[in-house]
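J.: Take this structure, written in structure tokens, and hold onto it; I'll ask about it next.
The values are calculated or read from the model by the stated rules, or taken from the named source; none is laboratory data. Note that this is a predicted model, so its numbers are computed, not measured. FYI the Cβ positions are ideal-geometry reconstructions off the backbone, even for glycines, and counts take in every protein chain you see. The accessibility values were calculated without ligands, DNA or RNA, using every heavy atom of the protein model including side chains. Shrake-Rupley method; radii C 1.70, N 1.55, O 1.52, S 1.80 Å.
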Number of protein chains: 2
Amino acid sequence: MTILEAATRESAVTCCGMATTPVTEEDAARLAPMFKALGDPVRLRMASMIAARPELCVCEITPAFELSSGTISHHLKTLREAGLVDCERRGTFVYYWIQPEALAALSALLAPT
Amino acid sequence: MTILEAATRESAVTCCGMATTPVTEEDAARLAPMFKALGDPVRLRMASMIAARPELCVCEITPAFELSSGTISHHLKTLREAGLVDCERRGTFVYYWIQPEALAALSALLAPT
DNA sequence: TCCTTGTCTCGACAGCCATCGAATCAACAC
DNA sequence: GTGTTGATTCGATGGCTGTCGAGACAAGGA
């Protein structure tokens, strides 16, 4: 079971945000890395750009930031390892898309239904 | 204008999450520190504990973690500086409460209306 | 006044992280 | 094969951060 699946299922089970029931130690350990990944302005913008479209090519992300391609890849990897996005190579290009369940899990935690 | 007020107003103006419109550079700079503050398991649990009640005494938070009082204070300060909580001393004790607008701003960003 | 208790601040330190440039890899065109 | 372009990985570095313990501060009681 991936982190994402666990987080999604958990939020579905608890069905309420932290404003009603405090998160368990285990949930905190699973969800905190997702918040952490969004805790950098560059990555927050990246995630936002990716979420605003069905999928997005790295070649469209890179020119939006004045950063080296190495740093861009590093941030995308961080978002991927947090379970917030996934990617696929198609020919020369790599495309990223959002994992909506991950966003939903975080959102559910912040705002009780 | 505080960070919190700015974030709250912004989310009210845009009224949609990052799944529909990418956040601006300025919004990202304002909101990322809030996500970052929630990006530590200890702070996420703390915020959750505080959010689950109208207000919470530090003396109730401290025993929930196996950490020194210095570290507890440090994390609470981080949450406060991020605009997620506020506090007040009443006699010997200090009480913390959540800033619901801050959570709402983050939630609005994650989940379009 | 002195002592106790709750909380915060300070100084220090080990570990993590954002960034860069260089090197490497993948796919394609020639 | 050779070269080119897109993307990732690697190594290094300066800065940030989570943690502790000790000290300082605030409030109240003996």
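J.: Would you kindly derive the ³J(HN,Hα) couplings of the stretch A:98-111 from the backbone phi angles with the Karplus curve 6.51 cos²θ - 1.76 cosθ + 1.60 (θ = phi - 60°), listing them in order in whole Hz, with x for Gly and Pro?
T.: 7, 9, x, 5, 5, 4, 4, 5, 5, 4, 5, 6, 6, 10
J.: Could I ask something else about it? Given label points at 7 Å from Cα along Cα→Cβ, what nm distances, shortest first, separate A:Pro100 from the same residue in every other copy?
T.: Shortest to longest, the spacings are 2.8 nm.
J.: Just how much of B:Val23 is accessible, in Å², when a 1.4 Å probe is used and the result is rounded to the nearest 10?
T.: 20
J.: Please list, or write none, the lysines whose alpha carbon is within less than 22 Å of the alpha carbon of B:Lys77, excluding same-chain residues fewer than 8 places away.
T.: Result set, ordered by chain and number: A:Lys36, B:Lys36.
J.: Additional query: Averaged across A:100-112, how many Cβ atoms of other chains sit within 10 Å of each residue's Cβ atom?
T.: Numbers: counts 3, 0, 1, 7, 3, 1, 7, 9, 3, 9, 14, 8, 3.
Mean shielding count: 5.
J.: Same structure, new question: Using DSSP to call loops (not H, G, I, E or B), can you name the GluC sites (Glu not before Pro) in the stretch A:26-113 whose Cβ has at most 11 other Cβ atoms within 10 angstrom?
T.: Numbers: sites: A:Glu26, A:Glu55, A:Glu60, A:Glu66, A:Glu81, A:Glu88, A:Glu101; in loops: A:Glu55, A:Glu66.
Loop-located and lightly packed - A:Glu66.
J.: Once the label point is placed 7 Å from Cα along Cβ, list for A:Thr71 the distances to the corresponding points in the other copies, in nm, shortest first.
T.: Taking the point 7 Å beyond Cα along Cα→Cβ, the inter-copy spacings are 3.2 nm.
J.: May I ask for the net charge around B:Ala28, where only other residues with Cβ less than 10 Å from the Cβ of B:Ala28 are counted and Lys, Arg are +1 while Asp, Glu are -1?
T.: Values: positive: A:Arg43, A:Arg45, B:Arg30; negative: A:Asp40, B:Glu25, B:Glu26, B:Asp27.
Summing Lys/Arg as +1 and Asp/Glu as -1 gives -1.
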